[in-house]
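Down below is the structure, laid out as structure tokens.
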Amino acid sequence: MERLRPVATGCTGDCARLCTEAGLAAVLAADRGLLHWRAMSRLGDPGLAEHAVQETLLRAWRACASYDPRRGSVRTWLLTIERNVLIDTARFRASRPGDTSWDEIGEQTENHCARPDFVEDLTDGMLVADLLEQLPPPQRDAVVQVILRDRAYQDVAADLGIPVGTVKTRVHYALRSLRRLPVSA
């Protein structure tokens with residue numbers, strides 16, 4: 001089994017421990033059933049529920065270093081992340097009336113968060129750094145803060161002193177540009 005690598009060098013003794021094999025295994029053993037039950041009860045579809053659980057764990061893994069034990073347990077933190085994933089999924093489904101498939105949800109979350117296979121490239125860093133260098137600095141800064149550092153749009157806007165809508169627009173156009181760029185291996 002491949003060893004997990006910390007996603008952020010900022011992981012400390014207070015991180016959620018999802019950056020270690022033992023920590024991830026403990027969370028999966030303790031909380032995966034609860035996460036799946038909540039997703040299934042909210043979404044009513046086994047495929048979407050499993051996708052929501054995977055997206056929750058991916059977001060938590062990426063934000064491992066940002067966990068603050070003073071604000072609650074790891075379980076509470078995961079449930080909050082899952083609530084956001086379920087809201088994102090519900091919004092996407094509401095914007096597309098009819099039967100939304102698991103594949104369409106996967107395409108939507110690709111715009112919000114990196115997919116697991118992209119995370120491996122992300123940890124390598126070089127491909128992402130090359131792609132980001134091709135973006136205008138304001139878009140690059142927005143993507144780094146919102147996508148790579150998993151920060152809320154509101155927090156980034158406050159730090160930059162600009163409206164939230166401007167941050168969202170920058171991220172949108174940056175991601176659109178990145179999808180059009182050729183990727184060299």
Subject >> Search result, residues across region 37-71 that are of a type in the set (Asp, Glu) and either in a helix (DSSP H, G or I) or in contact with a Lys or Arg (Cβ under 9 Å, 6 or more places away or on another chain) (or both) >> reply: GLU50, GLU55
Original post:
Taking region 148-165 on its own, how many of its residues are outside any helix (DSSP H, G or I), small (Gly, Ala, Ser) and modelled with pLDDT of 90 or more?
Top reply: 1
Subject >> Among the residues listed as THR123, THR109, the single one being surrounded by 15 or more Cβ atoms within 10 Å (Cβ to Cβ), at pLDDT below 55 and under 18 Å from the mean Cα position of the chain (by Cα) >> reply: THR109
Original post:
What do you reckon, is ASP117 open to solvent by 80 Å² or more (accessible area, probe 1.4 Å), in a helix (DSSP H, G or I) and modelled with pLDDT of 55 or more?
Top reply: no
Original post:
Within region 98-106, is there a residue that is farther than 21 Å from LEU175 by Cα, modelled with pLDDT of 85 or more, open to solvent by 60 Å² or more (accessible area, probe 1.4 Å) and in a helix (DSSP H, G or I)?
Top reply: no
Original post:
In region 166-180, which residue that is open to solvent by less than 80 Å² (accessible area, probe 1.4 Å) and closer than 20 Å to LEU58 by Cβ is modelled with the lowest pLDDT?
Top reply: LEU178
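The values are calculated or read from the model by the stated rules, or taken from the named source; none is laboratory data. Every value quoted in this text rests on a predicted model; they were computed, and no experiment measured them. Cβ coordinates were reconstructed from backbone atoms using ideal geometry, including for glycine residues, and neighbour counts include every protein chain displayed. Ligands, DNA and RNA are excluded from the accessible area calculation, which covers all protein heavy atoms including side chains. Shrake-Rupley method; radii C 1.70, N 1.55, O 1.52, S 1.80 Å.
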